[in-house]
Amino acid sequence: MTVWDRPEPSNRPVPLDRERIVAAAIALADEGGLEAVSLRKVAGRLDAGPMRLYGYISTKEELFDLMVDEVQAEIVPDEQPDDGREALRALAHRTRQAALRHEWLADLLGGRPAMGPNGLAVAEATLAPLAGLADIDTVMRAVETVSAYFTGAIRREIAHLRAERATGQTKLDWQRAHGPHVTKMLATGRFPSLAKVVHDGTHVDAEASFTTGLEWVLDAVSAQLTGPPA
């Protein structure tokens, strides 16, 4: 029986419910990442004994599942997209925006399918406009391909943000600090392709890079969904 199917215990002194528990866990994770979340710390934030929480949640993994599903509510589109490409685009951008608000989400993306009510709503909103464009297996490969792209891109972006905070260096600071070494290595002539990137490449921000890559992936996926069968 999943955590969503299991009834909550009757109320006792210090009112508790899964909604309050999950809200406290998300607040802890937003402040300090997933490593800041434990049933003991969540209980402390709620002024309850840790054993009280086990009536509502059996394991930390269940708590993480509930946290992800709560954030999935932020990914459900405000209006149902009317075409498949827009549904996939909305899924990618809304997931990125949610991960930037809750960086710990990046650590849980790409794992087991989200089976909570909000996760299922996200899946339905994504799949509904794709129905009829191709057979169901092709549709699922399309969703998986787009999801693989934005999961990797989001994790990379979050990793950069964490590195900046850990070192106190912005991307520009890091480039300046490593500039002399890179210049010396490029001057050897051993890395002509890399030199072209460094000297001639256009540097764009994370959002522009994410959007460009996503549109390229959507171009390829759309061709499989709307093109003639192979």
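Checking the structure you have, find out if any residue of the range 140-149 is farther than 24 Å from residue 222 by Cβ and modelled with pLDDT of 85 or more. Lay out the reasoning, then the answer.
Going through the range 140-149, the residues farther than 24 Å from residue 222 by Cβ turn out to be none.
No, every residue in the range 140-149 fails to be farther than 24 Å from residue 222 by Cβ and modelled with pLDDT of 85 or more.
Restricting to the range 163-206, count the residues that are of a type in the set (Asp, Glu), modelled with pLDDT of 85 or more and surrounded by fewer than 13 Cβ atoms within 10 Å (Cβ to Cβ). If you could, list the steps in order and put the result at the bottom.
Step one: filter the range 163-206 for residues of a type in the set (Asp, Glu), giving 164, 173, 200, 205.
Next, from what is left, pick out any that are modelled with pLDDT of 85 or more: 164, 205.
Add one more test, that the residue is surrounded by fewer than 13 Cβ atoms within 10 Å (Cβ to Cβ), and what stays is 205.
Summing the residues that are of a type in the set (Asp, Glu), modelled with pLDDT of 85 or more and surrounded by fewer than 13 Cβ atoms within 10 Å (Cβ to Cβ) in the range 163-206 gives 1.
I'd like to check something: does the range 22-40 contain any residue that is part of a loop (DSSP other than H, G, I, E, B), outside the structural domain of residue 148 (by TED's automatic domain parsing) and within 23 Å of residue 156 (Cα to Cα)?
First, the residues of the range 22-40 that are part of a loop (DSSP other than H, G, I, E, B): 33, 37-38.
Add one more test, that the residue is outside the structural domain of residue 148 (by TED's automatic domain parsing), and what stays is 33, 37-38.
Applying the additional criterion that residues be within 23 Å of residue 156 (Cα to Cα) yields 33, 37.
Yes - at least one qualifying residue is present in the range 22-40.
Considering only the range 46-72, how many residues are more than 13 Å from the chain's Cα centre (by Cα) and farther than 16 Å from residue 34 by Cβ?
Residues meeting the conditions: 12.
Determine whether residue 153 is touching a Gly at 6+ places or on another chain (Cβ under 7 Å) and under 25 Å from residue 109 (Cα atoms).
Spelling it out, residue 153 is indeed touching a Gly at 6+ places or on another chain (Cβ under 7 Å) and under 25 Å from residue 109 (Cα atoms).
In the range 44-118, which helices (runs of 4 or more DSSP H) lie fully inside it and hold 3 or more residues that are buried (at least 18 other Cβ atoms within 10 Å of the Cβ) and either on the phi > 0 side of the Ramachandran plot or not basic (Lys, Arg) (or both)?
Details: elements: 50-53, 60-72, 84-101, 105-108.
Where helices (runs of 4 or more DSSP H) fall fully within the range 44-118 and carry at least 3 residues being buried (at least 18 other Cβ atoms within 10 Å of the Cβ) and either on the phi > 0 side of the Ramachandran plot or not basic (Lys, Arg) (or both), they are 60-72, 84-101, 105-108.
I need every pair where a residue in the range 19-30 that is over 11 Å from residue 45 (Cα atoms) has its Cβ under 6 Å from the Cβ of a residue that is aliphatic (A, V, I, L, M) and assigned to a helix (DSSP H, G or I), sequence separation at least 6 or different chains.
Between residues of the range 19-30 that are over 11 Å from residue 45 (Cα atoms) and residues that are aliphatic (A, V, I, L, M) and assigned to a helix (DSSP H, G or I), the close pairs are 22/66; 22/67; 26/67.
Is it the case, given these coordinates, that residue 114 is more than 19 Å from residue 224 (Cβ to Cβ) and within 14 Å of the chain's Cα centre (by Cα)?
On the way: more than 19 Å from residue 224 (Cβ to Cβ): yes; within 14 Å of the chain's Cα centre (by Cα): yes.
Answer is yes for this residue.
Residues 69, 30, 78: which one is at pLDDT below 95 and acidic (Asp, Glu)? So that I can check it myself, show each step before the final result.
Values: 69 fails: at pLDDT below 95; 30 fails: at pLDDT below 95.
Only one candidate qualifies: 78.
Kindly establish whether residue 130 is within 28 Å of residue 72 (Cα to Cα), at pLDDT 90 or above and in contact with a Gly (Cβ under 6 Å, 6 or more places away or on another chain).
In short, yes.
The values are calculated or read from the model by the stated rules, or taken from the named source; none is laboratory data. Everything numeric in this text was worked out from a predicted model, so none of it was measured. Note that we place each Cβ from the backbone using ideal geometry, even for glycine, and neighbour counts take in every protein chain shown.
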